[in-house]
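Q: Below is the structure I would like to discuss, written out as structure tokens.
The values are calculated or read from the model by the stated rules, or taken from the named source; none is laboratory data. Note that the structure is predicted; figures quoted are calculated from it, not measured. Here the Cβ positions follow ideal geometry from the backbone for every residue, glycine too, while neighbour counts run over all protein chains shown.
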């Protein structure tokens with residue numbers, strides 16, 4: 001069903017709110033109104049020149065840095081001063097908070113929230129989780145947990 005008021009100016013829309021689940025819900029709602037989820041990329045974002053994929057509806061803020069061979073899924077929000085190094089995969093609707101760092105070949109699961117100043121070491125796989133602020137992830141993290149600390153450890157299981 002078409003929502004004329006929504007489409008009056010343009011079918012393009014971007015979602016700039018935090019919270020992966022809420023961003024996903026809003027994207028579904030507006031897409032059902034025949035809107036087209038579109039990305040916003042700040043002119044001060046630095047994006048590698050080789051083999052970089054950015055999904056629809058991503059928001060890349062100022063001073064975010066994406067290296068080469070990086071995949072950023074749809075609906076992600078990549079805040080200020082983020083570093084995503086080579087061969088990382090960030091799945092859909094992930095939130096990367098300010099100053100977070102993802103090192104080579106890490107994989108971040110759908111709907112994950114990475115806290116401010118957190119670091120995910122190379123070759124780590126993160127499920128659908130919350131990574132606390134300033135955490136250092138030294139091991140793979142299973143789905144549905146919250147991790148925090150240095151090194152990061154499970155502090156809560158999500159229901």
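Yes/no per residue for (1) over 13 Å from the mean Cα position of the chain (by Cα); (2) outside the structural domain of residue 20 (by TED's automatic domain parsing); (3) assigned to a loop (DSSP other than H, G, I, E, B):
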site	(1), (2), (3)
74	no, yes, yes
80	no, yes, yes
104	yes, yes, yes
116	no, yes, yes
123	yes, yes, yes
146	yes, yes, no
150	yes, yes, yes
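Q: From the list 47, 77, 71, 41, which residue is more than 25 Å from residue 25 (Cα to Cα) and touching a strand residue (DSSP E or B) at 6+ places or on another chain (Cβ under 8 Å)? Show your work before the answer.
A: Numbers: 77 fails: more than 25 Å from residue 25 (Cα to Cα); 71 fails: more than 25 Å from residue 25 (Cα to Cα); 41 fails: more than 25 Å from residue 25 (Cα to Cα).
Result: 47 is the single residue among 47, 77, 71, 41 that is more than 25 Å from residue 25 (Cα to Cα) and touching a strand residue (DSSP E or B) at 6+ places or on another chain (Cβ under 8 Å).
Q: Surrounded by 21 or more Cβ atoms within 10 Å (Cβ to Cβ), assigned by TED's automatic domain parsing to the domain that holds residue 45 and modelled with pLDDT of 95 or more, is that true of residue 136? Steps first, please.
A: On the way: surrounded by 21 or more Cβ atoms within 10 Å (Cβ to Cβ): no; assigned by TED's automatic domain parsing to the domain that holds residue 45: yes; modelled with pLDDT of 95 or more: yes.
Here the answer is no, as residue 136 does not meet what is asked.
Q: Follow-up. Does residue 92 fit the bill of being assigned to a loop (DSSP other than H, G, I, E, B), within 21 Å of residue 28 (Cβ to Cβ) and modelled with pLDDT of 95 or more? Quick ask: steps written out before the conclusion?
A: Numbers: assigned to a loop (DSSP other than H, G, I, E, B): yes; within 21 Å of residue 28 (Cβ to Cβ): yes; modelled with pLDDT of 95 or more: yes.
Yes, satisfied.
Q: Determine whether segment 126-137 contains at least one residue that is in contact (Cβ under 8 Å) with a residue 40 or more places away in the chain, out of contact with any strand residue (DSSP E or B) (no Cβ under 8 Å at 6 or more places or on another chain), under 25 Å from residue 29 (Cα atoms) and part of a loop (DSSP other than H, G, I, E, B).
A: Residues of segment 126-137 in contact (Cβ under 8 Å) with a residue 40 or more places away in the chain: none.
No, segment 126-137 contains no residue that is in contact (Cβ under 8 Å) with a residue 40 or more places away in the chain, out of contact with any strand residue (DSSP E or B) (no Cβ under 8 Å at 6 or more places or on another chain), under 25 Å from residue 29 (Cα atoms) and part of a loop (DSSP other than H, G, I, E, B).
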